[in-house]
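Have a look at the structure below, then the notes.
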Amino acid sequence: MLPSTPLRGRLIASAGEGPYLGAFSVLSLISVWWLASSFEAAPYGGKLWLVPAWWPWLKAALILFALILVAGGVLSPNPSSPGAAKLLGNRNVAEGIFAITRHPVMWGIAIWAIAHAISQATVRGFEFFGAFAATALIGSWLQQKRKRAALPGWAAFEAKTSFFPFAAILEGRAKLSVTAIGWWRIAIAVIVWATILHFHYRLFGAQPLPIHT
């Protein structure tokens, strides 16, 4: 959440943007490794709730939607990215994936994390995946407050988009267009989704969907 606070500007002014981004990336990787190691080492514990039989299928659909958000956000010119403020001058910047939400990558991560936390239904799962969801959503919320104060074109971008997915579309401020999102971006997300489903058990030791033999 550090990049979303005023401390970011002070660190960049002190050390320079390159060293700041490098140090931040290294610390982020270390944090993720530590979280994953702690998750694997933690006792499984008892179930906090029962997951219904239909949930894995809904979860798979949610993960597909999350991957479409991530692919759309990463593979589209994203005004939220570092050094991408000039994109706010593009009159079409609020279209495509950003018509769904102005933070597609962060919402994709959050949906992935929440869906997995529900499936885990344990304290360790809630803490591990909840950390990712909280970082994505709280971090992006703080980030837009910082950008609102620092970037002149951000207010106009906010006026055409929404923080919560589909809110701007339902309010008539944005229009959903699959063509604007890009069929090729959606195709990449579908391929990644199908690949993860196929290899999930080998990679993570858990079947994502019920297997009948």
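The values are calculated or read from the model by the stated rules, or taken from the named source; none is laboratory data. Keep in mind that this is a model prediction, so the values were computed, not measured. All Cβ positions, even for glycine, are placed from backbone atoms using ideal geometry, and neighbour counts span all protein chains on display.
Looking at segment 112-122, can you tell me whether even one residue there is within 18 Å of the chain's Cα centre (by Cα), farther than 25 Å from Ala194 by Cα and not in a loop (DSSP other than H, G, I, E, B)?
Scanning segment 112-122, I find no residue that is within 18 Å of the chain's Cα centre (by Cα), farther than 25 Å from Ala194 by Cα and not in a loop (DSSP other than H, G, I, E, B), so the answer is no.
Name the one entry in Thr213, Thr195 that is modelled with pLDDT under 95 and not acidic (Asp, Glu).
Numbers: Thr195 fails: modelled with pLDDT under 95.
Being modelled with pLDDT under 95 and not acidic (Asp, Glu) holds for just one of Thr213, Thr195, which is Thr213.
Would you pick out the residues in segment 13-27 that are surrounded by 13 or more Cβ atoms within 10 Å (Cβ to Cβ) and either under 15 Å from Thr135 (Cα atoms) or aromatic (Phe, Trp, Tyr) (or both)?
Residues satisfying the conditions are Tyr20, Phe24.
Pairs under 9 Å by beta carbon, first residue under 11 Å from His103 (Cβ atoms) in segment 129-154, partner among the basic types (Lys, Arg), six or more apart or different chains?
If the second residue must be among the basic types (Lys, Arg), the pairs left are Ser140/Arg102; Gln144/Arg102.
Picking from Ile138, Ile211, Ile169, Ile186, which residue would you name as being hydrophobic (A, V, I, L, M, F, W, C) and surrounded by 17 or more Cβ atoms within 10 Å (Cβ to Cβ)?
After ruling out the rest, the residue left standing is Ile186.
Listed here are the residues, each with its yes/no results for (1) under 19 Å from Leu142 (Cβ atoms); (2) touching a residue at least 12 places away in the same chain (Cβ under 8 Å).
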residue: Leu11; (1), (2): yes, no
residue: Ser14; (1), (2): no, no
residue: Gly18; (1), (2): no, no
residue: Ala42; (1), (2): no, yes
residue: Trp49; (1), (2): no, yes
residue: Ala53; (1), (2): no, yes
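When you check Ser31 against the structure, is it polar (S, T, N, Q) and either within 21 Å of Gly205 (Cβ to Cβ) or surrounded by 12 or more Cβ atoms within 10 Å (Cβ to Cβ) (or both), yes or no? Give the steps one after another, and end with the answer.
Values: polar (S, T, N, Q): yes; either within 21 Å of Gly205 (Cβ to Cβ) or surrounded by 12 or more Cβ atoms within 10 Å (Cβ to Cβ) (or both): yes.
For Ser31, the condition - polar (S, T, N, Q) and either within 21 Å of Gly205 (Cβ to Cβ) or surrounded by 12 or more Cβ atoms within 10 Å (Cβ to Cβ) (or both) - is met.
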